[in-house]
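Notes follow the structure.
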Amino acid sequence: MRATAGLLMAGAVLQGGCYNYFPLRRAGLVPSSYLAITLTESGTDELTGILGPDILVVRGRYLAMTDRGLALAVEAVESRRGDIERWAGETVTVPGEFVREVEERHPSPSKMLLLVGVSVAGLVVTYEAFGPGSGGGLAGGGPGPRPQ
């Protein structure tokens, strides 16, 4: 049972890492794309009141380009120390002058293949441990019907 729980936890961790981020030009932005916006030093300082202290990366769904900047439905922010804080999709507009880099998230085929491999291995281990040949039930060796 512990092996199954361990495999499920490993699968959950791997699923979260099944993406790669690639640089994107602002002209290529499509609504609902998942973006990671890296802030400039001044952006980190200026947006402290909105995002929190020492934020380096803002992640979320792109909503629109406004006259004030990039509007995102924020799903997470990452500090310079690497701490990640989850958000509930609040809309935040990041002014263009505070943007150092814009990256778009894309699925990673190699990471997805690894996830599938781990999932199949987990199913095989579970089947071997708890499947029909696990010895947990009667396998035809019990007493038969009484003779008359």
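The values are calculated or read from the model by the stated rules, or taken from the named source; none is laboratory data. Only a predicted model underlies this, so the values are computations on that prediction, with no experimental measurement involved. Positions of Cβ are generated from backbone atoms using ideal geometry, with glycine treated the same way; all protein chains shown enter the neighbour counts.
Points to keep in mind about this one:
- Identity of the residue in segment 85-98, within 20 Å of SER42 (Cα to Cα) and not polar (S, T, N, Q), that ends up surrounded by the most Cβ atoms within 10 Å (Cβ to Cβ): VAL94
- Listing of strands (runs of 3 or more DSSP E) fully contained in segment 48-147 that carry 3 or more residues being at pLDDT below 90: 99-107
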